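The values are calculated or read from the model by the stated rules, or taken from the named source; none is laboratory data. From a predicted model like this one, the values you see are computed outputs, not experimental measurements. Backbone-built Cβ (ideal geometry, glycine too); neighbour counts: all protein chains shown.
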Amino acid sequence: MTKKYDIIIIGAGLSGLLSASLLSKKGLKVCVLEKNITPGGMIQPFKRKGIMQETGMNFFGAYKKGQIQYELFRIFGIEDIEISDIPVFELVTDKKVYKIPNNYYKFYKEISGYFPKEKENILKFIEKIKEINSGLTINNIYDNTNLYNYLGEGAEPFLNGLTTDKELINLLKYNALLCGYDSEKTSLYLYASITGSFMQSAGMFTGGTRQFIDIITRKIILNGGSIFTKKEAVEIVSEGNIIKECICKDGTRYKADKFLSTLHPYILLPLIKSPVLKSFYRKRIMQLPVSKGSFIVNAVMYNKSFPYYKNPKIIQFKAEKSNKSVLFYTPVSGKNGNFARVVKLMTDDSYSEYVKYAESKTGKRADDYTFFVQKKVRKLFNAVNSIIPDFERNTESYYVSTPLTFRDFTGTPYGSSYGLVHNFNSPEKSIIPINTKFKNLFLAGQSINFHGMLGVSVTSLLASSAITGEKIK
Ligand SMILES: Cc1cc2nc3c(=O)[nH]c(=O)nc-3n(C[C@H](O)[C@H](O)[C@H](O)COP(=O)(O)OP(=O)(O)OC[C@H]3O[C@@H](n4cnc5c(N)ncnc54)[C@H](O)[C@@H]3O)c2cc1C
């Protein structure tokens, strides 16, 4: 007999888990369906030779009591999770090492010190970031004014209008990797939301992302929720404008009063055959571009050979045509006393470079693929060696994830890291509402609103509120 739930959530990535935690806490009978063998989605920690490695989520902002991410964690029921503070990011350019404090006041003091002639512009920058973030407080979150005001403005035109000092503009884009920054598309709303959250505080899970997944899945189950893995949704069946059930690849069927999809819209739309979704709507969504992918190297350091760095570094190096950034940090979870056991390197990467290998699967790639990947690793290592001379000498082994790895493990279309891109030049086309043409189907996940811990948390809260009919605070 098919069991009926209050709500079926499709996808156990960050969005599915946060929403399931909140909705089960609210007393709803929740069922999460996940196609992979483990929950986490883009957050995929893995163990090699007994040592935990991180892919996906690195840091998040505004996590301190009273700040927005803390309040969201509280609402999701996970405010007790242990977080380590990151007081400062370091931007290493060929000119200088800049310290960028994760605090509005300290940010102003430090950055004005580097650019004394730009004090006024730095202040204007902070004021604008604060203004946009005023919409991201727990009391204002249900008001979309800032979203609609700033989704049609570009981050790049804003920065270029602020100052002519290229070095300062470069510094203000220090978190470009975490924003999935694209100078031609990234909206001021996205850039300011993420930057503003880091200018309040920054942190990472002390026990790594594994700790986060373990705690949140335990809470969902304790609240009476169910998480089923190896359940790939292959069809979402409707009658008129009501969704009836979700059919999985193994033939199992799941019924509920309401459904929440956290899938990438490219994956979701083909699952719904109903003519309720018009072809022009399908076409519009399927034509939205996806963000870039990531190239990640997890380097395992010889035991007690390499210092643990509290401050993550963003190293800029010259690539073929432009500057490229690589994020370098030592996760707390890989700490061994004052030493780091693991170093994570991350840079952005384009799927277009992998098209030649697109038909292959992990573990069965063409011979020249290894060579191709090694060349990329070499470039990253050279960039890191130039500022941290002991890095490679102390590296015992390393593991690489490319956009193809992400595509194969997480199912993300074209190995994209941050889902669909919302282009500030055509904001009306980029907006995908939480409510759909189906009365009982809701959308969440990183392609709706914006990506990352903050973007996904906000959307998961708004979707959960739409489902319960209550403005949850
Ligand atoms: C390399 C990298 C680094 C990042 N760093 C940061 C960072 O430092 N800070 C930050 O805030 N954010 C970061 N992010 C972004 C953040 O991790 C994502 O925005 C977030 O995890 C996305 O969650 P999601 O639930 O929207 O999507 P997903 O995690 O993609 O979840 C979707 C889930 O649906 C499942 N699924 C797909 N198809 C089906 C199907 N047919 N049936 C059932 N299940 C299905 C997938 O397996 C997946 O588990 C990073 C992302 C990447 C890739």
Tell me the residue from V300, V237, V290 that is farther than 30 Å from V400 by Cβ and either surrounded by 14 or more Cβ atoms within 10 Å (Cβ to Cβ) or out of contact with any Gly (no Cβ under 9 Å at 6 or more places or on another chain) (or both), please. V237
Scan of region 46-57 for residues that are in contact (Cβ under 8 Å) with a residue 24 or more places away in the chain, out of contact with any Phe, Trp or Tyr (no Cβ under 9 Å at 6 or more places or on another chain) and in a loop (DSSP other than H, G, I, E, B), ordered by number: K49
Which of the residues spanning region 281-314 are assigned to a strand (DSSP E or B) and either in contact with a Lys or Arg (Cβ under 9 Å, 6 or more places away or on another chain) or acidic (D, E) (or both)? G293, F295, I296, V297, N298, A299, V300, M301
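Does F328 meet the test of being hydrophobic (A, V, I, L, M, F, W, C), in contact with an Asp or Glu (Cβ under 8 Å, 6 or more places away or on another chain) and crowded, with 18+ Cβ neighbours inside 10 Å?
no
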Just one of the numbered conditions (1) surrounded by 16 or more Cβ atoms within 10 Å (Cβ to Cβ); (2) outside any strand (DSSP E or B); (3) modelled with pLDDT under 95; (4) within 25 Å of the chain's Cα centre (by Cα) is not true of K361; which one? (1)
Starting from residues that are without any contact (Cβ under 8 Å) to a residue 24 or more places away in the chain and part of a helix (DSSP H, G or I), keep the ones in region 130-146 and report whichever is farthest from A463 (Cα to Cα). E131
Could you please find all residues in region 72-127 being among the basic types (K, R) and either at pLDDT 95 or above or closer than 30 Å to Q211 by Cα (or both)? R74, K99, K106, K109, K117, K119, K124
Just wondering, is there one or more residues in region 90-110 that are more than 26 Å from the chain's Cα centre (by Cα) and crowded, with 18+ Cβ neighbours inside 10 Å? no
Go through region 315-340 and count every residue that is part of a loop (DSSP other than H, G, I, E, B) and over 16 Å from F205 (Cβ atoms). 6
So R378 ticks every box in (1) free of Cβ contacts under 8 Å to residues at least 24 places away in the same chain; (2) crowded, with 22+ Cβ neighbours inside 10 Å but one. Which box is left unticked? (2)
I need the full set of residues from region 405-437 which are farther than 25 Å from A466 by Cβ, surrounded by 20 or more Cβ atoms within 10 Å (Cβ to Cβ) and away from the ligand (no atom under 13 Å from the Cβ), in order please. F424
Given the conditions (1) farther than 17 Å from G455 by Cα; (2) within 16 Å of the ligand (Cβ to nearest atom), every one holds for Y181 apart from (1)
R284 fails exactly one of the following numbered conditions: (1) within 27 Å of the chain's Cα centre (by Cα); (2) outside the structural domain of G445 (by TED's automatic domain parsing); (3) among the charged types (D, E, K, R). What is the number of that condition? (2)
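Restricting to region 1-30, name every residue that is outside any loop (DSSP other than H, G, I, E, B), of a type in the set (S, T, N, Q) and more than 10 Å from the ligand (Cβ to nearest atom).
S21, S24
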